[in-house]
Amino acid sequence: MRFPVSSRTLRTLSLVGACSLFVACDSDDKPPVTQPPPPDTTPRTLTLLQTSDLHTNIFPWDYFTGKPDAKRGLARVATLIKQEREKNPDCTLLFDTGDTIQGSPLGTYYALVDNAPKHPMATAMNELGYAAMALGNHEFNYGQDVLNKFKGEANFPLLGANVRKSADGSEAFTPYIIKTVCDVKVGILGLVTPGVATWERKDNISGLRFEDPLETAKTYVPKMKQAGADVVVVAIHSGPDKQPVGSASSPESWLADYADATKWTDRGNLPGENEAVQIAQQVADVDVLLTGHTHQPIPKMLLKNQDGREVLLTQPNRWGSHLANVQLSVTWNGERWGVEAHDSQLHAVDENVVEDATVKQLTQAYHDTTVAYVNQKIGSTTAAFTGGFAGRYVDSALGDLLNIVQEEAAEEAGFPVDLSATALFSNNVALPAGDVTLRDAYSVYIYDNTLYVMEINGSILRRALEMNTLYFKQLDAANLPAKPEDAKATTPVVADYNWDLYSRIDYGYDLTKPAGSRLTHLRFQGVDVRDDQVFHIAVNNYRGGGGGGYSMFKEGRMLWSSADGVRDYVARYMQTHQNLSPEAVNTCNFTLLPDLYTPYYGATLGPAKCAP
């Protein structure tokens, strides 16, 4: 039935409607989005699949050794993805949590040598139908032009809620998305470790700032719920700030009570670097954390938030070695969907997992081009430069060579240094005797670090040298561990790249002493170093920015930052210095007691020039 309405009444109703609209717009207390009941309210299962820290590993191939590696690569993970998606095709979402476009020569080639083609990672990931990717810190290694090109080529959003524009604090990237699968609205918030600001070259992140992930999550999760998200997933390039004591490889160890200090040990994080656990504990309404950055296989962690709800956390290690699989049982409570139960597991990549034919075909040309690129000859040596533990446990020629490269690069830039510090990053590479390829040169410096020249004082140097020895456990000279790797500390485990080798200073360590009192002497040009003595040091950008827990370097002053990566300087040095002799390069300036080289390697590799 219709009733006549006067023009005055119509005007009045219009004004009432407008006022109601204005009140709603001005209010900060907007009512939550209510959803109409779906036609089918029976319980259902959502599948969340996750990769992380792929570091441009598509093929099961190690570009640094030139050998196959059956336990890595997105081409094999793709097979697992398609298998798992087939089990629940309408209710599955696939995510990545960053460090995607950097990390292997494939990434280097298609960022710095030929950036014109579509990025190989975009090609592979588009085929697999990713829903979203959280930014990683290494996404910024090649600058924002390379990153933005990749962003434009990807058929999925790059999420980074805590990456803000410096000028006005506005969002620099999409903060979150809400995807509907099986009638359930899944909100995905993307976050990245704020360590980017410490490790990255300043011109690569110009105009950006990186805010605290925990505070950012507290801001955005309520917005996501208000926008209708039934399930809240935090996809974060950050992991737990602690790890299980002595048993991180055991799935059960990750289920220990996180509040029990006897079960967990600190990882030596930068402030805010790894806040995934704190987000689970302190941010209401989070259901799942898909984590990365710490390069660990974490099948499942179960954490309680402030409301007593259980939050699930997982991480699929690095390089495409695992696929994380999260199963969420969701039910309709009369108003909206909610998570009733959850579980997760990791699927490992090995020789039994075949490469996906489509991903392989789409990316084969990228791989072939990269292999040809790294196999070109650039130099030669008179004998092998030993790497791995044999090169770390004594003052070796390889460590001296890397420091010489850094010293000469700094001097050529007009910033001569008093000393240099570097590390041996891998355990299975060395410079061979005879011809040296670009792959060989890259293999001894596998990261895309740039070079800093910094001004520091003797106090900073002394503290860094003392901290350096945390790499080792306290040793008994008469009862050394059976294997060389067992001399390393276990609580916490220190990464190999955090054991630095210095040039041009005389120093020594006594590893039978407790941590904090192992430095036996420190001299420069034959004289004991004073705390107020000023030095210019060449270090990579990671260490210079305080990476690895070496926060004392942040007290120094940066004088110069290179535009090129250290490994490119290594390659150029090899090209201009043919027939390199390890004997001529090796300078004995540090001692390690007890002698770790001779008992482990003396019989197989022969005596070391600098062994005690």
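The values are calculated or read from the model by the stated rules, or taken from the named source; none is laboratory data. Fair warning: this is a prediction, and the values are worked out from it, not measured in the lab. Neighbour counts are summed over all protein chains in view; Cβ atoms, including those assigned to glycine, are modelled from backbone coordinates with ideal geometry. Heavy atoms of the whole protein, side chains included, go into the accessibility calculation; ligands, DNA and RNA do not. Shrake-Rupley method; radii C 1.70, N 1.55, O 1.52, S 1.80 Å.
The residues of the range 567-590 that are open to solvent by 70 Å² or more (accessible area, probe 1.4 Å) and polar (S, T, N, Q), listed by number, are 575, 576, 578, 579, 587. So in the range 536-549, with the set limited to residues that are within 17 Å of residue 466 (Cβ to Cβ) and not charged (D, E, K, R), which one is surrounded by the fewest Cβ atoms within 10 Å (Cβ to Cβ)? That would be 549.
On the stretch given as the range 154-179, residues that are open to solvent by 30 Å² or more (accessible area, probe 1.4 Å) and either within 15 Å of residue 122 (Cβ to Cβ) or of a type outside the set (Val, Ile, Thr) (or both) total 11. For residue 339, the conditions (1) crowded, with 24+ Cβ neighbours inside 10 Å; (2) aliphatic (A, V, I, L, M); (3) not in a helix (DSSP H, G or I) all hold with the exception of (1).
If you go through the range 60-75 one residue at a time, do you hit one that is surrounded by 24 or more Cβ atoms within 10 Å (Cβ to Cβ) and in a helix (DSSP H, G or I)? Yes, the conditions are met somewhere in the range 60-75. Of the residues making up the range 245-259, those that are open to solvent by 50 Å² or more (accessible area, probe 1.4 Å) and not hydrophobic (A, V, I, L, M, F, W, C) are 246, 249, 251, 252, 257.
Could you grab me the full set of residues in the range 180-200 that are surrounded by fewer than 18 Cβ atoms within 10 Å (Cβ to Cβ) and part of a strand (DSSP E or B)? The one that is surrounded by fewer than 18 Cβ atoms within 10 Å (Cβ to Cβ) and part of a strand (DSSP E or B): 180. Looking only at the range 300-331, residues that are buried (at least 20 other Cβ atoms within 10 Å of the Cβ) and assigned to a strand (DSSP E or B) come to 15 in all. Pairing each residue of the range 298-318 that is touching a residue at least 24 places away in the same chain (Cβ under 8 Å) with any residue that is open to solvent by 70 Å² or more (accessible area, probe 1.4 Å) and among the aliphatic types (A, V, I, L, M), provided the two are 6+ apart or on different chains, yields no C-beta distance under 6 Å. Which of the following residues is in contact with a helix residue (DSSP H, G or I) (Cβ under 8 Å, 6 or more places away or on another chain), of a type outside the set (S, T, N, Q), more than 22 Å from residue 319 (Cα to Cα) and free of Cβ contacts under 8 Å to residues at least 40 places away in the same chain: 172, 154, 197? Just one listed residue meets the conditions, 197. Inspection of the range 597-609 identifies no residue that is among the β-branched types (Val, Ile, Thr), open to solvent by less than 20 Å² (accessible area, probe 1.4 Å) and part of a helix (DSSP H, G or I).
Considering the conditions (1) buried (at least 19 other Cβ atoms within 10 Å of the Cβ); (2) in contact with a strand residue (DSSP E or B) (Cβ under 7 Å, 6 or more places away or on another chain), residue 533 is excluded by exactly one of them, (1). Restricting 486, 400 to those that are over 25 Å from residue 293 (Cα atoms), not in a loop (DSSP other than H, G, I, E, B) and not hydroxyl-bearing (Ser, Thr, Tyr) reduces the list to 400.
Here is a check on your reading of the model: is residue 235 outside any strand (DSSP E or B), of a type in the set (A, V, I, L, M) and within 30 Å of residue 337 (Cβ to Cβ)?
No, not satisfied.
Total residues in the range 476-524 satisfying the condition of being open to solvent by less than 20 Å² (accessible area, probe 1.4 Å) and more than 19 Å from residue 395 (Cα to Cα): the figure is 1.
State yes or no: is residue 405 open to solvent by less than 40 Å² (accessible area, probe 1.4 Å), assigned to a loop (DSSP other than H, G, I, E, B) and hydrophobic (A, V, I, L, M, F, W, C)?
On the way: open to solvent by less than 40 Å² (accessible area, probe 1.4 Å): yes; assigned to a loop (DSSP other than H, G, I, E, B): no; hydrophobic (A, V, I, L, M, F, W, C): yes.
Here the answer is no, as residue 405 does not meet what is asked.
Looking at this structure, is residue 351 touching a residue at least 24 places away in the same chain (Cβ under 8 Å), in a loop (DSSP other than H, G, I, E, B) and of a type in the set (Asp, Glu)? Spelling it out, residue 351 is indeed touching a residue at least 24 places away in the same chain (Cβ under 8 Å), in a loop (DSSP other than H, G, I, E, B) and of a type in the set (Asp, Glu). Of all residues in the range 76-113, those satisfying the criterion of being part of a loop (DSSP other than H, G, I, E, B), in contact (Cβ under 8 Å) with a residue 24 or more places away in the chain and of a type outside the set (Ser, Thr, Tyr) are 88, 90, 91, 98, 99, 101, 102, 103.
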